[in-house]
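Accompanying notes for the structure given below.
The values are calculated or read from the model by the stated rules, or taken from the named source; none is laboratory data. Note that the structure is a prediction, hence the values are computed from the model and not measured. Backbone-built Cβ (ideal geometry, glycine too); neighbour counts: all protein chains shown. Just so you know, the surface numbers come from the protein's heavy atoms only, side chains and all, with ligands and any DNA or RNA stripped out. Shrake-Rupley method; radii C 1.70, N 1.55, O 1.52, S 1.80 Å.
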Amino acid sequence: MTDTVLTAGYDALLELVTSATGEVRLASPFVSLPVATALAIRAKGSAARWSLLTNLDPAAVANGYLSPEGLRRLMDAGVAVRSHRSLHAKVYLAGGRGIAGSGNLTHAGLGAGTNPNLEMSVVLYADQAKAAQVAFDGWWAQSAEVNGAALRDVEDRAREVPGVIVPSSPPVGVETEVAQVAAELLAEARHVNLWAKAVYGDEEADWEGDDLWIASSKRGQPTFAPGDLVLIYAKDLHVCDAIVEITAEAIWAPDIIAEDRPQEDADRWPWLNWVSGRLWVASANGITPADLGFTPQGLQGGHRRLDLAEFAAAVRHFAGESIQ
């Protein structure tokens, strides 16, 4: 870390904590699954003792800013996690050095990923890092332990968070209608099953309208239910670029599928669910599974469940980060 001022802190953070000895202290109210996973990998083999202070705010979970699964991965890697309801600071300390600024422990906050925020952080001198350590330890003493029960509780409370209010004047470049749809999806997501689904084809798909379908493997009838929301992963384009709503139970319909796809595809993926398009972007503006915290390999069976934070992060990305 040679620069004093950082506008993108992801690499600097990883350099700070990698090979750290003694203590690693991290404070951030927002923690995304991808960043938590990257930190957990480094914490697991670290000689240092790691601590993370965050804020178990159900609204942050409901809107995709705080990932309970990410916190679980950190805890499984040996990181002690505590929560303070007043935390707003973003400070990262290790080995007598530190970073403090505006960036949360998220790809956007650290200037990484496909849609980075405009953030600024500063590298702390040794005496500043020591003073920050004293402040961190004081907050830590006033905080509450985070365990499995606390994470389950915040996930339950997140489902009861009221729908997000759409700004009367959305950010520049974001249409009011898009912001409205995004807010509706975030509200609905608390009460239905959420999925990611791989679809095949190397061309842009049109997800506008109600007369649409997705196909699933012949290995078994999919358990999608009407009202469920599905994040579409365009496998050959390598991005997630749409959200659709399931409108009917799955039916065995290779004849319908063969009208649009080769017969061999219809024979392999004969289960059909009718869907309605809800929110979509051009593939160039899509979001990768890695930015949401899972890998394409996790969709080898065709689909997987999403947690609320993963789904909300995709919605916010499609809406241009308009729902804050």
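Go through (1) among the hydrophobic types (A, V, I, L, M, F, W, C); (2) within 16 Å of residue 272 (Cα to Cα); (3) touching a Ser or Thr at 6+ places or on another chain (Cβ under 8 Å); (4) open to solvent by 10 Å² or more (accessible area, probe 1.4 Å) for residue 239 and report which single condition fails.
Of (1) among the hydrophobic types (A, V, I, L, M, F, W, C); (2) within 16 Å of residue 272 (Cα to Cα); (3) touching a Ser or Thr at 6+ places or on another chain (Cβ under 8 Å); (4) open to solvent by 10 Å² or more (accessible area, probe 1.4 Å), only one is false for residue 239: (2).
Which pairs turn up if I take residues in the stretch 278-289 that are surrounded by 19 or more Cβ atoms within 10 Å (Cβ to Cβ) and look for partners that are among the hydroxyl-bearing types (Ser, Thr, Tyr) with beta carbon separation below 7 Å, at least 6 apart in sequence or on another chain?
Cβ pairs passing all conditions: 287/114; 289/233; 289/295.
Select from the stretch 39-79 the residues that are small (Gly, Ala, Ser), surrounded by fewer than 20 Cβ atoms within 10 Å (Cβ to Cβ) and at pLDDT below 95 and list them in ascending order.
Result: 45, 47, 59.
Any idea which of 72, 97, 85 is touching a residue at least 40 places away in the same chain (Cβ under 8 Å) and over 20 Å from the mean Cα position of the chain (by Cα)?
Within the list 72, 97, 85, the selection yields 97.
What number of residues in the stretch 19-30 are buried (at least 18 other Cβ atoms within 10 Å of the Cβ) and modelled with pLDDT under 95?
1
Tell me, please, whether a residue that is at pLDDT 95 or above and in a strand (DSSP E or B) can be found in the stretch 249-270.
Within the stretch 249-270, one or more residues are at pLDDT 95 or above and in a strand (DSSP E or B).
Scan 98, 9, 103 and give me the residue that is in contact with an Asp or Glu (Cβ under 6 Å, 6 or more places away or on another chain) and crowded, with 23+ Cβ neighbours inside 10 Å. If you could, list the steps in order and put the result at the bottom.
Numbers: 98 fails: in contact with an Asp or Glu (Cβ under 6 Å, 6 or more places away or on another chain); 9 fails: in contact with an Asp or Glu (Cβ under 6 Å, 6 or more places away or on another chain).
Unique residue meeting the criteria: 103.
Within the stretch 136-154, restricting attention to residues that are open to solvent by less than 40 Å² (accessible area, probe 1.4 Å) and assigned to a helix (DSSP H, G or I), which residue is farthest from residue 84 (Cα to Cα)?
Here the answer is 148.
Of the conditions (1) open to solvent by less than 60 Å² (accessible area, probe 1.4 Å); (2) over 17 Å from residue 10 (Cβ atoms), residue 90 satisfies every one except a single condition; which number is it?
(2)
Being hydroxyl-bearing (Ser, Thr, Tyr) and part of a strand (DSSP E or B) is the filter here, so list the residues in the stretch 65-102 that pass it.
Listed by number, the residues that qualify are 83, 92.
Select from the stretch 242-277 the residues that are among the acidic types (Asp, Glu) and without any contact (Cβ under 8 Å) to a residue 60 or more places away in the chain and list them in ascending order.
Within the stretch 242-277, 245, 249, 255, 259, 260, 264, 267 qualify.
Among the residues in the stretch 28-44, are any over 19 Å from the mean Cα position of the chain (by Cα) and either part of a loop (DSSP other than H, G, I, E, B) or touching a residue at least 60 places away in the same chain (Cβ under 8 Å) (or both)?
No, that holds for no residue.
State all residues of the stretch 242-277 that are small (Gly, Ala, Ser), surrounded by fewer than 16 Cβ atoms within 10 Å (Cβ to Cβ) and farther than 24 Å from residue 177 by Cα; if no residue qualifies, say none.
Answer for the stretch 242-277, where residues must be small (Gly, Ala, Ser), surrounded by fewer than 16 Cβ atoms within 10 Å (Cβ to Cβ) and farther than 24 Å from residue 177 by Cα: 248, 258.
Report whether or not residue 36 is within 15 Å of residue 132 (Cβ to Cβ) and open to solvent by less than 10 Å² (accessible area, probe 1.4 Å).
Answer is no for this residue.
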